[in-house]
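S.K.: One structure follows; several queries about it will come next.
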Amino acid sequence: MHISASLLSADPLNIAAEIAMLTDIGVDSLHVDIMDGHFVPNIAFGIDTVKCISENSLIPINVHLMVANPSQFIDMLVHRNVECVIIHREICGEIEEILKKIKTSGTKAGIAINPETEVCEIEAYMKLVDFVLIMGVSPGFSGQQLVTQTLNKVAKIKSIRNNVIVGIDGGINDKTAILANKEKVDILVAGSYLFDCATCNRVDTIKEKLRKLCQYR
């Protein structure tokens, strides 16, 4: 199982050090959210910040567009190490055209679905995507508890296209990772579980938490 660290929960004043630490301890990729304050009630990581992260990262980056109009961002996300750009099914727009634009830009294309969105609502786009991201929580804020019923979507997605990569984002910890592993999720996006450390041995604590997640590989 692939572990992707969500930088939304990282220390914003020490983001470069956080990325270096995550790389050193063996995280597989970075998950970077762009939020516009419209699609979700929060603002995070602008284009320039994502570019800086990309230029200074030694591991792949997945960019998660939680924005009302993702099309305007895609050309600006063609950076080194940006492996996949993910849009939401719930946006108002030409989803197929946007996914094709992502693919044309040279990165992989992903589609995300909120907890209340049914898998049948993305079936028409499955031929275009490399990655399906299941939101285990309502998007916009870290630290929420996993809606465990969302894990049932993994098998439904795989039944439509068994070679697509499926990830779960939100509410991942050492206990919910067990549930995700049973459903054969390919990628765990972990944020607050990794970074919330009330200890002076922060790096060792994060390393131990990552080890607990990695045991389900």
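S.K.: Take every DSSP beta bridge with both residues inside region 11-214 and express the antiparallel ones as a percent of the total, to the nearest 5. Spell out each step's value before the answer.
M.R.: On the way: 2 of 29 bridges.
Just about 5 percent of them are antiparallel.
S.K.: Once R0 is set to 41 Å, what does the formula 1/(1 + (r/R0)^6) return for the Cβ-Cβ distance between residue 126 and residue 48, expressed as a FRET efficiency to the nearest 0.05? Mind dumping the intermediate values first?
M.R.: On the way: r = 33 Å, r/R0 = 0.80.
The formula returns an efficiency of 0.80 here.
S.K.: Here is a further query. Using a Förster distance of 22 angstrom, determine the FRET efficiency expected from the C-beta separation of residue 148 and residue 186, and round it to 0.05. Mind dumping the intermediate values first?
M.R.: On the way: r = 18 Å, r/R0 = 0.82.
For residue 148 and residue 186, the calculated efficiency is 0.75.
S.K.: Starting from the 7 Å offset along Cα-to-Cβ, what nm value, one decimal, do you get for the label separation of residue 105 and residue 202?
M.R.: 3.1
S.K.: Quick one: compute the contact order of region 11-214, relative version, from alpha carbon pairs under 8 angstrom and 6+ residues apart, as a percent. Please list the in-between numbers first.
M.R.: Numbers: 345 pairs, mean separation 27.8, N = 204.
The normalised contact order for region 11-214 reaches 14 percent.
S.K.: Based only on Cα atoms, what Rg/Rh ratio does region 78-155 have, Rh being taken as Kirkwood's radius?
M.R.: Working: Rg = 13.1 Å, Rh = 13.3 Å.
Using only Cα positions, Rg/Rh for region 78-155 is 0.98.
S.K.: Which lysines does residue 175 reach when only Cα atoms under 19 Å apart count, and residues fewer than 8 places away in its own chain are ignored?
M.R.: By straight Cα distance, residue 175 reaches 153, 184, 207, 209, 212.
S.K.: How would you order 32-41, 63-72 from highest to lowest mean count of nearby Cβ atoms within 10 Å?
M.R.: On the way: 32-41: 18.4, 63-72: 21.3.
The packing order, highest mean first, is 63-72, 32-41.
S.K.: How many angstrom lie between the C-alpha centres of region 170-188 and region 24-84?
M.R.: First find each Cα centre; the distance between them is then 23 Å.
S.K.: If each residue of separation counts as 0.36 nm, what is the full-extension length gain between residue 141 and residue 14 once their alpha-carbon separation is subtracted? Let's see the in-between values first.
M.R.: Values: separation 127, 0.36 × 127 = 45.72 nm, distance 1.95 nm.
That works out to 43.8 nm of additional length.
S.K.: Mean shadow of the chain, computed from the convex hull of its alpha carbons, in nm²? Walk me through the numbers on the way to the answer.
M.R.: Details: hull surface 42.9 nm².
With every direction weighted equally, the projected area is 10.7 nm².
S.K.: To make sure I understand the rule: partners must be aspartates and glutamates, Cα under 16 Å from the Cα of residue 101, and not fewer than 8 residues away in the same chain. Which ones qualify?
M.R.: Candidates past the 8-residue exclusion: 75, 83, 130.
Quick note: the coordinates plus some simple rules give every number you see, no bench work behind them. All figures in this text were calculated on a predicted structure; none of them were measured in a lab. In this analysis, Cβ positions are derived from the backbone assuming ideal geometry, glycine residues included, and neighbour counts consider all displayed protein chains.
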